[in-house]
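Colleague: Dropping a structure here in structure tokens format, bear with me for questions.
Just so it is clear, none of the values below were taken in a lab; they were calculated from the coordinates. Just so it is clear, the structure is predicted and the values come from calculations on it, not from any experiment. Using ideal geometry, Cβ is built from the backbone for each residue, glycine included, and neighbour counts are taken over all protein chains shown.
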Amino acid sequence: MVKVTTGAINYEPASSLKYKTGSWRSMRPTLDESKCKGCQLCFIYCPDSAIVMCERIIDGKPKKKAQINYDYCKGCGICAKECTADAITMSEEVK
Amino acid sequence: MPKVVMRGNEATALGAKLCRPQVIPAYPITPSTMFPERISEYVADGELDTQFVLVESEHSAMSAAIGAAATGVRVTTATASQGLELMHEMLFIASGMRLPIIMAVGNRALSAPINIWCDHQDTISARDCGWIQLYAEKNQEALDLMIMAFKIGEDKRVLLPAMVGLDAFVLTHTMEIVDSPTQEEVDKFLPPYKPDHVYLDPKRPITIGSFGTPEYYTEFRYAQELAMSKEAPKVIDEVFKEWERTFGRKYQMVTGFECKDADIIFVTMGSMTGTARETVKKLRAAGKKVGLCKITVLRPFPEKDLKEVLGGAKVVAVVDRSLSVGFGGPVYAEIASIFVNDAKKPIIQDFIIGLGGRDILVKDFETIVSKCETTIKTGKPEKVVDWINVNFEPAGVK
């Protein structure tokens with residue numbers, strides 16, 4: 001049974017995070033972290049905010065690296081297109 | 001209660017004012033312009049404490065009304081014709097979000113050709129938007145229905161917007177004596193609007209106007225349908241009865257006049273009802289069994305009440321002041337639907353009349369009666385959808 005609120009009001013705001021749109025994906029981006037320069041271009045261009053920047057310790061130094069959140073990535077390929085280091089490749093999604 | 005001579009637009013503006021609306025976004029359009037004019041005078045004179053929002057179009061007027069109503073305040077506005085059509089997409093949003101905005105509509109024809117006079121095409125075209133639709137026969141009804149509409153729409157069982165239709169010029173600009181309730185009386189009748197489902201409170205953040213995916217959408221529409229078809233009729237009946245007890249004026253979703261033994265019954269909406277009533281009186285005096293059925297509430301559709309009033313007739317003559325091009329009269333279609341599964345039913349005929357402000361006279365109703373009498377004799381209408389008063393000669397292209 002579907003519970004409906006009067007006027008389709010949502011009393012739990014910011015709940016869109018619960019709706020995982022990653023299942024829509026037909027193409028899958030794969031990030032090669034060794035090529036990633038941490039420039040954040042993909043992070044800026046991603047229309048779904050599905051890229052998060054994280055910190056890795058490489059050779060004892062902190063480095064910024066991109067990370068793809070597959071829960072929300074719809075596989076549009078914009079990140080792969082914008083990446084200046086060819087660190088992101090697109091391949092067919094296999095589920 | 002003070003009796004005042006006023007125009008229909010003044011009646012709806014006064015009715016709205018007495019309900020203490022907190023926000024009024026409005027854009028002027030003939031024949032409803034007098035509504036925002038009166039409201040701005042009330043505000044300027046300090047008689048009404050409201051946020052009067054001057055907008056750049058009717059689309060903006062309804063958008064502002066929705067935005068305001070979504071904060072949980074009482075909102076009213078007025079429009080007509082092209083203005084109502086410009087609002088069209090927003091009308092669905094108001095009803096879907098269950099915001100009881102109350103709007104006066106000066107029933108006017110639609111372009112092209114441009115025409116500012118009366119017919120019901122504008123509100124009929126907005127019939128499926130999920131708004132309660134009330135139609136006034138006279139200015140007194142315009143005032144009364146305007147006030148009652150707030151109480152009906154704001155009822156927690158209903159929570160739907162409502163439009164009050166009053167005929168262009170015949171009512172909007174015509175002076176009639178109107179018995180106005182006092183502010184104290186209306187304050188007693190109509191409590192302040194305090195919705196539970198939607199209001200502005202930083203301590204309770206909510207999302208409104210959100211996505212309704214295929215898994216949910218049908219259920220939201222179903223909830224809307226239940227509010228309109230199951231709850232609204234009950235609430236309308238209660239409010240009409242309370243109004244009668246308080247102010248002595250009786251309202252019904254459907255009002256029959258001389259229908260008990262009538263062979264032919266007119267179905268009317270709006271100001272033409274008065275003319276139809278005079279015709280019935282005249283023909284009754286001449287021994288003809290003619291009756292009249294006035295529709296005050298078109299949405300929710302009062303199917304049961306209509307069946308009760310019309311069921312015994314030989315011919316039901318639906319008088320349509322609007323047109324579904326390529327079909328016939330919209331009200332006729334709805335009346336016919338009441339009897340569609342019945343073995344025994346009246347013959348239902350449709351008469352298209354009075355478009356674009358052409359007067360509907362007693363002799364026109366007499367023409368309709370004589371056509372219906374022929375139907376009774378032959379057992380079959382000559383034309384199911386019949387146009388009255390058409391002087392048509394194609395001019396072609398020059």
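Colleague: Can you give the FRET efficiency for B:K307 and A:T5, using 1/(1 + (r/R0)^6), R0 = 45 Å, r = Cβ-Cβ distance, to the nearest 0.05?
Modeller: That pair, B:K307 with A:T5, gives E of 0.85.
Colleague: Share of antiparallel DSSP beta bridges in the protein assembly as shown, in percent to the nearest 5?
Modeller: 40 percent
Colleague: Here's something else I'd like to know. At 4 °C and 1.567 mPa s, what whole-number value in µm²/s does Stokes-Einstein give for the translational diffusion of chain A, with Rh from the Kirkwood sum over Cα pairs?
Modeller: 86 µm²/s
Colleague: At a 4.7 angstrom Cβ threshold, list every cysteine in chain A that has nobody to pair with, or say none.
Modeller: Taking the Cβ cut-off of 4.7 Å, the unpaired cysteines of chain A are A:C36, A:C39, A:C46, A:C54, A:C73, A:C76, A:C83.
Colleague: Taking θ as phi - 60°, what are the ³J(HN,Hα) couplings along segment A:48-63 by the Karplus curve (6.51, -1.76, 1.60), each to the nearest whole Hz, with x for Gly and Pro?
Modeller: 10, 6, 8, 10, 10, 9, 10, 10, 10, 9, 10, 6, x, 10, x, 10
Colleague: Report, in listed order, any pair from B:K151/B:K194; A:K3/B:K203; B:K282/B:K363; B:K289/B:K314; B:K241/B:K281 with a Cα-Cα distance greater than 18 Å.
Modeller: The pairs that break the limit, which is 18 Å between Cα atoms, are A:K3/B:K203; B:K241/B:K281.
Colleague: Then there is this: For the protein assembly as shown, what is the Kirkwood estimate of the hydrodynamic radius, computed as the reciprocal of the mean inverse distance between distinct Cα atoms, to one decimal in Å?
Modeller: Its Kirkwood hydrodynamic radius stands at 25.7 Å.
Colleague: Looking only at chain B, where both bridge partners belong to it, what percent of the DSSP beta bridges are antiparallel (to the nearest 5)? Could you put the intermediate results ahead of the total?
Modeller: Values: 11 of 48 bridges.
Of the beta bridges lying entirely in chain B, close to 25 percent run antiparallel.
Colleague: Related question: Only loop residues by DSSP count here, and only those with at most 10 other Cβ atoms within 10 Å; note down the trypsin sites (Lys or Arg not before Pro) in segment B:287-385 that meet that.
Modeller: In loop regions of segment B:287-385 (DSSP not H, G, I, E or B), the sparsely surrounded trypsin sites (Lys or Arg not before Pro) are B:K344.
Colleague: Extending each Cα 7 Å along its Cβ direction at B:R249 and B:R221, get the distance between those two points in nm, one decimal.
Modeller: Here the answer is 3.8 nm between the modelled labels.
Colleague: In whole angstrom, how far apart do the alpha carbon centroids of segment B:177-215 and segment B:330-351 sit?
Modeller: The two parts, judged by their Cα centres, are 37 Å apart.
Colleague: Sticking with this structure for a sec: Could you grab the Rg to Rh ratio for segment B:254-387? Cα atoms only, Kirkwood for Rh.
Modeller: 0.92
Colleague: Pairing the Cα long axis of helix B:58-69 with the longest principal axis of chain B, what angle in degrees results, from 0 to 90 and rounded to the nearest 10?
Modeller: 60 degrees
Colleague: Roughly speaking, what is the centre-to-centre gap between segment B:119-133 and segment B:1-78 when only Cα atoms are used, to the nearest Å?
Modeller: The distance from the Cα centre of segment B:119-133 to that of segment B:1-78 comes to 20 Å.
Colleague: Find me the longest stretch of chain B that has none of the exposed GluC sites (Glu not before Pro), where exposed means in a DSSP loop (not H, G, I, E or B) with at most 13 other Cβ atoms within 10 Å.
Modeller: In chain B, the maximal stretch lacking such sites is B:216-381.
Colleague: 5 Å is the cut-off here: which amide hydrogens, built 1.01 Å from N in the peptide plane, fall below it relative to B:V178, excluding neighbours closer than 5 in sequence?
Modeller: Hits under the 5 Å cutoff: B:V4, B:V5, B:M6.
Colleague: Take the Cβ-Cβ distance between B:M175 and B:N389 as r, set R0 to 25 Å, and report the resulting FRET efficiency rounded to the nearest 0.05. Don't skip to the answer; put the middle values down first.
Modeller: Numbers: r = 27 Å, r/R0 = 1.07.
It comes to 0.40.
Colleague: Using only Cα atoms, what is the ratio of the radius of gyration of segment B:3-247 to 2.2 N^0.38 Å?
Modeller: Numbers: Rg = 17.0 Å, N = 245, 2.2 N^0.38 = 17.8 Å.
Dividing the Cα Rg of segment B:3-247 by 2.2 N^0.38 Å gives 0.95.
Colleague: Right, next: Using a simple charge model, +1 on the beta-carbon of Lys and Arg, -1 on the beta-carbon of Asp and Glu, nothing else, what dipole does the protein assembly as shown show about its Cα centre, in debye to the nearest 20? Spell out each step's value before the answer.
Modeller: Numbers: 61 positive and 63 negative charges, 204 e Å.
In total the dipole reaches around 980 debye.
Colleague: Using a simple spin-label model with points 7 Å from Cα along the Cα→Cβ vector, what separation in nm is obtained for B:E37 and B:D49?
Modeller: 2.9 nm
Colleague: Now, a different point. Among DSSP beta bridges lying fully in segment B:1-125, give the percent that are antiparallel, nearest 5. Could you put the intermediate results ahead of the total?
Modeller: On the way: 0 of 9 bridges.
Counting only bridges with both partners in segment B:1-125, antiparallel ones make up about 0 percent.
Colleague: Here is a follow-up. If each residue of separation counts as 0.36 nm, what is the full-extension length gain between B:K188 and B:A286 once their alpha-carbon separation is subtracted?
Modeller: 30.6 nm
Colleague: Using the crude model of +1 on Lys and Arg Cβ and -1 on Asp and Glu Cβ, and no other charge, please compute the dipole size for segment B:1-144 relative to its Cα centre, in debye to 20. Please report the intermediate quantities before stating the final value.
Modeller: Values: 10 positive and 16 negative charges, 59 e Å.
It works out to roughly 280 debye.
Colleague: While we're looking at this one, here's another question. Tell me which chymotrypsin sites (Phe, Trp or Tyr not before Pro) from segment B:343-398 have a DSSP coil assignment and no more than 13 other beta carbons within 10 Å of their own.
Modeller: Details: sites: B:F351, B:F365, B:W387, B:F392; in loops: B:F392.
Passing sites in segment B:343-398 are B:F392.
Colleague: Turning to a different aspect of this structure: So how far, in whole Å, is the C-alpha centre of segment B:295-314 from the one of segment B:141-163?
Modeller: First find each Cα centre; the distance between them is then 20 Å.
Colleague: Okay, moving on. Any chance you could give the angle, 0 to 90 degrees and rounded to 10, that helix B:8-18 forms with the longest Cα principal axis of chain B?
Modeller: So the inclination is approximately 40 degrees.
Colleague: Report, in debye and to the nearest 20, how large the dipole of segment B:188-304 comes out about its Cα centre when Lys and Arg carry +1 and Asp and Glu carry -1 on their Cβ.
Modeller: On the way: 21 positive and 15 negative charges, 138 e Å.
Computed about the Cα centre, the dipole is about 660 debye.
Colleague: When the Karplus curve 6.51 cos²θ - 1.76 cosθ + 1.60 is applied with θ = phi - 60°, which whole-Hz ³J(HN,Hα) does each residue of segment B:156-166 get, with x for Gly and Pro?
Modeller: These are the phi-based 3J(HN,Hα) values: 5, 6, 9, 6, 9, x, 9, 10, 9, x, 9 Hz.
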